[in-house]
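Report on the structure given below.
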Amino acid sequence: MKIVELRECTVPLQGDIANSLVNFSAHTVSLVGVITDVVRNGRPVSGVAFNSIGRFAQAGLLQERFFPRLKAAAVDSLLYRDGSGFDPDKVVASVMANEKPGGHGDRAAAVGGLELAIWDLNAKLAREPACQFIARQFNNQPIQDTVPVYAAGGYYHPDKGLGGLANELRQYQDLGYQDFKIKIGGASLTEDIKRIEAAIAIAGSGAQVAVDANGRFDLETARSYARELGQYELKWLEEPGDPLDFALNREIIEHYSGVIATGENLFSCADVHNLIRYGGMRAGLDIFQMDPGLSYGITELARMIKIMEANGYSRKSAYPHGGHMINLHVVLGLGLAGCEAYPGVFQPFGGYASGCLDGQGRVRAGDAPGFGLETKPELKTWIDRLLA
Ligand code: MG
């Protein structure tokens, strides 16, 4: 068994929406295909994945550095010992040859997209959903049927007032979501408080509404928000300050009785270790959001979870960033807390295939082999193009 071709297709994200810092209308995602010489039903078995949402495609890094290294690797050096598939750990080791430690950045997303495609491939070779395959590799069986999911939205949009926000959240409720996340920091504190109160009025309680500042605040602003938000007992307050400013995170936690969530911008085990060492994260309360598509893939994420557990944090404190099919399988397979969803935005990648939502705030994986990306029609169009 060998890899015969590696492909990347840069896909634009649909949607003219913004958080406090970033407008997503120019964002792109790398769809990665790993094509093997194994033929079933007249077609090669291929792994497909992408490097999550909210950053950019990594065509250059993949085409210039990581694909050539993987193609040059001896096939026996990449396989599981029983030859049943490609060992993601060995694949990452081979593509990371000649890379210095540290400075993770976009490289972590490029490798993440490729590593995830290897998991999709392995699960397809084993003819099972990726969550089952992942669970077996990490001795995490049996897996849950469903996990909690919240609808992430509440973006800033020109001409979208409080009524527009309320309508958006009601639409999510109609789809079966009960918990929400909205953006803060793109308006004044007074205006954001009105938005939060509007969201709570629809959700029913503060515990069903998370807010995300996307790392925008300096210490003083973060303190002002934390002071005002404490009374609402929110689901969580996400990334109040720069994600690598662990001292700021600790300071906010010391003045905030509610839940803090962070981690989507930590791309390596070393980053997670530093958050734990210096960020003040409280076991049993605060939430970790590392995303395998942004951080070298599932192998690195599983190591991050081990670091959490070795330091007294539960894997049930991990709620990965990135509301899409891949991370649904990762959450089920690794036994993490729950999923994000981007219903209606960040297409074709955001949200889930029909049938995944149970109508009561939980989500399940389908029976399709791999991550089941082909069961999402708007994504299948791009996958067909990638593999044609
Ligand atoms: Mg976020």
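The values are calculated or read from the model by the stated rules, or taken from the named source; none is laboratory data. In this text the structure is predicted, and so the values were computed from the model without any measurement. As a convention, Cβ positions derive from the backbone with ideal geometry for all residues, glycine included, and neighbour counts pool all protein chains shown. When the accessible area is computed, the model is the full protein with side chains, heavy atoms only, and any ligands, DNA or RNA have been set aside. Shrake-Rupley method; radii C 1.70, N 1.55, O 1.52, S 1.80 Å.
Looking at region 284-309, which of its residues are open to solvent by less than 10 Å² (accessible area, probe 1.4 Å), closer than 25 Å to Ala210 by Cα and in a helix (DSSP H, G or I)?
Pro292, Gly293, Leu294, Leu301, Met304, Ile305, Met308
Scan region 172-195 and report the pairs whose first residue is over 14 Å from Glu340 (Cβ atoms) and whose second residue is polar (S, T, N, Q) and within 16 Å of the ligand (Cβ to nearest atom), with Cβ atoms within less than 8 Å and a gap of 6+ or a chain change.
The qualifying pairs are Ile184/Ser20; Gly185/Asn19; Gly185/Ser20; Gly185/Asn214; Gly186/Asn19; Gly186/Ser20.
Mind counting the residues in region 193-206 that are open to solvent by less than 50 Å² (accessible area, probe 1.4 Å) and more than 24 Å from Tyr319 (Cα to Cα)?
2
If we keep just the residues of region 22-50 that are at pLDDT below 90 and not small (Gly, Ala, Ser), which is most open to solvent (accessible area, probe 1.4 Å)?
Asn23
Could you tell me which numbered condition Leu70 fails, if it satisfies all but one of (1) away from the ligand (no atom under 16 Å from the Cβ); (2) touching a helix residue (DSSP H, G or I) at 6+ places or on another chain (Cβ under 8 Å); (3) open to solvent by 20 Å² or more (accessible area, probe 1.4 Å); (4) within 23 Å of Pro292 (Cα to Cα)?
Result: Leu70 passes all but (3).
Any residue that is within 16 Å of the ligand (Cβ to nearest atom), surrounded by 12 or more Cβ atoms within 10 Å (Cβ to Cβ) and of a type in the set (Lys, Arg) - is there at least one of those in region 85-93?
Among the residues of region 85-93, not one is within 16 Å of the ligand (Cβ to nearest atom), surrounded by 12 or more Cβ atoms within 10 Å (Cβ to Cβ) and of a type in the set (Lys, Arg), which makes the answer no.
Does Leu328 satisfy the condition of being within 16 Å of the ligand (Cβ to nearest atom), at pLDDT 95 or above and open to solvent by less than 20 Å² (accessible area, probe 1.4 Å)?
For Leu328, the condition - within 16 Å of the ligand (Cβ to nearest atom), at pLDDT 95 or above and open to solvent by less than 20 Å² (accessible area, probe 1.4 Å) - is not met.
What single numbered condition from (1) part of a helix (DSSP H, G or I); (2) without any contact (Cβ under 8 Å) to a residue 40 or more places away in the chain fails to hold for Arg81?
Unmet for Arg81, out of (1) part of a helix (DSSP H, G or I); (2) without any contact (Cβ under 8 Å) to a residue 40 or more places away in the chain: (1).
Could you count how many residues in region 28-44 are touching a residue at least 60 places away in the same chain (Cβ under 8 Å) and not in a strand (DSSP E or B)?
0
Output the residue which, of all residues in region 338-384 that are assigned to a loop (DSSP other than H, G, I, E, B) and of a type in the set (D, E, K, R), is nearest to the chain's Cα centre (by Cα).
Among residues in region 338-384 that are assigned to a loop (DSSP other than H, G, I, E, B) and of a type in the set (D, E, K, R), the one nearest to the chain's Cα centre (by Cα) is Lys376.
Name the pairs whose Cβ atoms lie under 6 Å apart, with the first residue in region 230-257 and free of Cβ contacts under 8 Å to residues at least 24 places away in the same chain, the second part of a loop (DSSP other than H, G, I, E, B) and small (Gly, Ala, Ser), and 6 or more positions between them or separate chains?
none
Regarding Gly370, is this residue touching a residue at least 60 places away in the same chain (Cβ under 8 Å), within 15 Å of Glu128 (Cβ to Cβ) and crowded, with 22+ Cβ neighbours inside 10 Å?
yes
Every residue in region 2-21 that is modelled with pLDDT under 95 and surrounded by fewer than 18 Cβ atoms within 10 Å (Cβ to Cβ), please. Quick ask: steps written out before the conclusion?
Initially, region 2-21 is screened for residues modelled with pLDDT under 95, giving 12-21.
The answer is Pro12, Gln14, Asp16, Ala18, Leu21.
Condition check: surrounded by 14 or more Cβ atoms within 10 Å (Cβ to Cβ), among the β-branched types (Val, Ile, Thr) and in a loop (DSSP other than H, G, I, E, B). Does Ile53 satisfy that?
yes
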